[in-house]
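Quick one: structure below, then a few questions.
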Amino acid sequence: MEHTSAGMWRRINARYNLIGSECQNCKRSYFPPRIVCKECGRNTVMKEKRFSGNGTVYSYSRIYVPPDAFKDDAPYTVGVVKLEEGPMVEGHIIENGKKIEVGTEVRTVFRKMRVEGEEGLVHYHFKFEPI
Ligand SMILES: [Zn+2]
């Protein structure tokens, strides 16, 4: 194994947390992370930032005819969540029997998305669920 424990931790960390970036000049947060601030350009330093994962539903729609990869999940809800730190993030919203509306408070959960290939590579992705 040539993986260092730091590298391993970094991958696990990225898989189970929303890791974005924050401009050290204007403090604007980005998810997914950006290496250049939209406001400040290259005249600033971007730092890795871990988001709380909490936010509110900004918009949503119910999908009845999904792409093949998600056909077992349909119907399901996808939406745009405004994280409490500011960035807008698109993702699946798990309803858990609750009604999703604009303004519904949600948190991030990490779920297995699909298994693919002969090695059974498992993809994890974040989803949102109502708090
Ligand atoms: Zn900035």
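Keeping the other protein chains in place, figure out the carbon and sulfur percent of the accessible area of segment 52-131, with a 1.4 Å probe. Write out the running numbers ahead of the final one.
Working: 2400 of 5020 Å².
The computed percentage sits at 48.
For a quick check: with amide H placed at 1.01 Å from N, whose amide H comes under 5 Å from residue 49's, ignoring anything fewer than 5 positions away on the same chain?
Close amide H contacts, sequence-distant or interchain: 20, 21, 22.
Let me ask you something else. Describe numerically, in nm with one decimal, the distance between label points set 7 Å from Cα along Cα→Cβ at residue 107 and at residue 69.
The modelled label-to-label distance comes out at 2.7 nm.
Hey, another quick one. Which lysines have a Cα lying under 30 Å from the Cα of residue 71, excluding residues fewer than 8 positions away in the same chain?
82, 98, 99, 112, 127
Ranked from the most accessible area to the least, with a 1.4 Å probe and all protein chains present, what is the order of 92, 125?
Descending accessible area places them as 125, 92.
Also: P(r) tail for segment 52-131, what percent of Cα pairs lie past 16 Å? Could the numbers behind the result be given before it?
Values: 1626 of 3160 pairs.
Here the tail beyond 16 Å accounts for 51 percent of pairs.
The values are calculated or read from the model by the stated rules, or taken from the named source; none is laboratory data. Because the structure is a prediction, the values reported are computed rather than measured. Backbone-built Cβ (ideal geometry, glycine too); neighbour counts: all protein chains shown. Please note that ligands, DNA and RNA were not included when accessible areas were found on the heavy atoms of the full protein model with its side chains. Shrake-Rupley method; radii C 1.70, N 1.55, O 1.52, S 1.80 Å.
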